[in-house]
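Note sheet for the following structure.
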Amino acid sequence: MEWLVSKDPIIACSSGANQNTAISVIRISGIAKLSDLQENFSKDLNKVEPRKAYLSKIFSNGRNLDEVLLTYFKGPNSFNGENILELSVHGNPLNIKNILELFNSVGIRNANPGEMTYRALRNNKLTMSQVEGLDTLLNANSTEIIEQGLNNLGGALQKEYLKLRDLYLHLRGSVEILIDFSEDVGEEDSFKNLKESFDNFFNFLRKLELRTQTPRNHLLKPKVVFLGKTNAGKSTLFNKLLNNDRAIVSDTHGTTRDYVTEYFNASGVEFQLVDTAGLRKSEDQIEIQGIKLSKELYKEAFFKVLVINPLMEVVFDSLESEPDVVIFTHSDDSRFDEFLSNYKDLYKEKPCFYSGSIGPDGAFGPIGPGFKIGPIGPSSKNGPIGPKSGGPIEPLGPLKNLIFSKYSKLTKNNPILPERQRSNIKELYEKTELLAQVIETQSDIGVVSSEINTLDSSVNALLGITTPDDVLNNIFSNFCIGK
Ligand SMILES: Nc1nc2c(ncn2[C@@H]2O[C@H](COP(=O)(O)OP(=O)(O)OP(=O)(O)O)[C@@H](O)[C@H]2O)c(=O)[nH]1
Ligand SMILES: [Mg+2]
């Protein structure tokens, strides 16, 4: 926490220091005078003009360490308002380490995670929601979220919070009118005025609250979880979706005991695919733990896939959460149609796919709705997909499309992502709901006024005007070094 008040010069590699790249960027922030670093550069630093690039050697005790491009940003006209020296160095991790150590040896310490950006906040170069926008941008897993991060970095959310604050101040003003001038204006009119201001404020807040309803981890780390009984064919599907034999497949019940995760991409969004331990009654403590985890992962999943081998069981145990899709495996088996009919009523409203390993070589056959015996799910989801329909097909295309379209729907209402803002909005919303009741019952105006005043700290917190140190610390510890 000490670093929150520190003004020491700091250094960090801002482009990641663990990979061999052509160029890496090292930033030194908070130097008092550029010429203090003259000993380490061949370029005459007195002749360096801000915002111009210069070629220079870097020296360590007279030894040439690297040839770099340096750019100086003189505060306050820099990213964080401090004097910043930016070095484009050769991107060998060892070279980066040597350069960082060289500047450490002349008294410039390594920056803490997020410290460069924190100084931008401290120097009023960025607002809290812009900082959080930057965090969203840098950690985004999809184009939609990148766009949102960029908008918020540009101040889009801050603008809305300022509007909310305006509406709040208006509301406070209307109570003052009721208290001080109701004799002049008339009690009825001033109360009408108060109600109107309150409705404007609450309606705006309600829209913001709607945008916090999608769980954040569904948007930032969307998990697609397969659940089903042992030997249902989960790991087979998992491998096919990844196009990689990542999970062990065998006809032994209980092959997967711990969950297995891998990333896969559908329409430009990165999803985490999770294969889980098959459900069955077990006495084995390790398997029991694995099954418990399977259920937890399924419950929390952004997209739930229930995998059923219809030949193996008649109905599935009731589940706590409804699946997004049901996949019936073993459609290559001649008894498939007969056994599938047991499920017709159970999953009438769900999109259902069939899949099967076909052919002597076990090649994976089609996955798609209804090409064998017609629809189980809504008819709009049907359509023949399979080798017989001709042309090259991607066997798991329909499943990927379904996953992506759910994700698109969730991002459509421009959800608010940073946790701090979400909890501030929720808290403010709850308080305002209570206030609505107080106003509705037209209680003592003194009570209404004091209830309205209690919202002040929540509105300010949302704007980042009053952000306690531990909240700040928490936000910046999510940043990586060099941001
Ligand atoms: N014929 C046929 N065999 C399949 C199909 N899907 C999976 N199998 C076979 O069924 C067996 C079990 O498949 P897995 O993918 O390991 O099943 P699982 O659901 O992961 O099972 P656990 O890990 O035990 O929970 C393997 O021998 C697979 O080759 C299918 O659609 N048709
Ligand atoms: Mg398995």
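The values are calculated or read from the model by the stated rules, or taken from the named source; none is laboratory data. Small disclaimer: the values here were computed from a predicted structure and weren't measured. As a convention, Cβ positions derive from the backbone with ideal geometry for all residues, glycine included, and neighbour counts pool all protein chains shown. When the accessible area is computed, the model is the full protein with side chains, heavy atoms only, and any ligands, DNA or RNA have been set aside. Shrake-Rupley method; radii C 1.70, N 1.55, O 1.52, S 1.80 Å.
Which value results when the Cα radius of gyration for segment 137-273 is divided by 2.2 N^0.38 Å? Walk me through the numbers before you get to the answer.
Values: Rg = 26.4 Å, N = 137, 2.2 N^0.38 = 14.3 Å.
My calculation over the Cα atoms of segment 137-273 gives 1.85.
What ranking do 425-433, 107-115, 127-135 get when scored by the average of other Cβ atoms within 10 Å per residue, highest first?
127-135, 107-115, 425-433
Taking the Cα-to-Cβ direction at Asn342 and at Lys159 and moving 7 Å from each Cα, how far apart do the two end points lie in nm?
Output for this residue pair reads 5.9 nm.
Hey, what did segment 1-147 get for relative contact order, percent, Cα under 8 Å, at least 6 apart?
Relative contact order here is 24 percent.
Nearest-5 percent of antiparallel DSSP beta bridges in the chain? Numbers along the way, then the final one.
Working: 34 of 52 bridges.
Of those bridges, close to 65 percent are antiparallel.
What order do you get for 297-309, 32-44 when each peptide is scored by the mean count of other beta carbon atoms within 10 Å, highest first?
Put in order of decreasing packing, that is 297-309, 32-44.
Can you tell me what share of the DSSP beta bridges in segment 163-287 is antiparallel? A percent to the nearest 5 is fine. Don't jump to the answer; show the numbers that get you there.
Details: 7 of 11 bridges.
Bridges in segment 163-287 that DSSP calls antiparallel: roughly 65 percent.
Report, in whole Å, the centroid distance computed from the Cα atoms of segment 1-80 and segment 326-349.
Cα centroid to Cα centroid, the span is 65 Å.
Are there GluC sites (Glu not before Pro) in segment 237-289 that DSSP puts in a loop and that have at most 11 other Cβ atoms within 10 Å, and which ones? Please report the intermediate quantities before stating the final value.
Details: sites: Glu262, Glu270, Glu283, Glu287; in loops: Glu283.
When the GluC sites (Glu not before Pro) of segment 237-289 are filtered for loop state and at most 11 Cβ neighbours within 10 Å, Glu283 remain.
Mind ranking Arg165, Arg422 by accessible surface for me, highest first, 1.4 Å probe?
Putting Arg165, Arg422 in descending order of accessible area: Arg165, Arg422.
Given a Förster distance of 56 angstrom, what is the FRET efficiency for Glu262 paired with Val447, based on the Cβ-Cβ distance and rounded to 0.05?
0.45
Of the peptides 349-355, 206-212, how do they stack up when ordered by the mean number of other Cβ atoms within 10 Å, highest first?
Numbers: 349-355: 21.6, 206-212: 16.4.
Put in order of decreasing packing, that is 349-355, 206-212.
Please report Rg (one decimal) and Dmax (integer) in Å for the Cα set of segment 2-123.
Considering segment 2-123 through its Cα atoms, Rg and Dmax are 13.5, 38 Å.
Give me the percent relative contact order of the chain, please, defined on Cα pairs under 8 angstrom at least 6 residues apart.
14
Binning at 10 Å from 0, report for segment 111-164 what percent of all alpha-carbon pair distances ends up in each bin.
Here the calculated profile for segment 111-164 is 28, 48, 23, 1.
Under a Cβ-Cβ cut-off of 14 Å, what is the net charge of the residues other than Glu433 that fall near it, where Lys and Arg count +1 and Asp and Glu count -1?
-3
Express the accessible area of segment 2-123 per residue in Å², computed with a 1.4 Å probe while the remaining protein chains stay in the model.
That works out to 50 Å² for each residue.
Taking 25 °C and 0.890 mPa s as the conditions, I'd like the Stokes-Einstein D for segment 1-49 in µm²/s, using the Kirkwood hydrodynamic radius from alpha carbon pairs.
Details: Rh = 13.2 Å.
The diffusion coefficient I find is 186 µm²/s.
For segment 239-315, compute Rh as the Kirkwood radius over C-alpha pairs and then the Stokes-Einstein diffusion coefficient at 25 °C and 0.890 mPa s; write the answer in µm²/s, rounded to an integer.
177
What length, rounded to one decimal in nm, is gained on full extension from Glu183 through to Glu427, with 0.36 nm per residue of separation minus their alpha-carbon distance?
Values: separation 244, 0.36 × 244 = 87.84 nm, distance 3.51 nm.
Gain in length upon complete extension: 84.3 nm.
Report the normalised scattering of the chain as log10 I(q)/I(0) at q = 0.07, 0.09, 0.14 Å⁻¹, calculated by the Debye formula with identical scatterers on the alpha carbons.
Debye intensities relative to I(0), on a log10 scale: -0.60, -0.86, -1.18.
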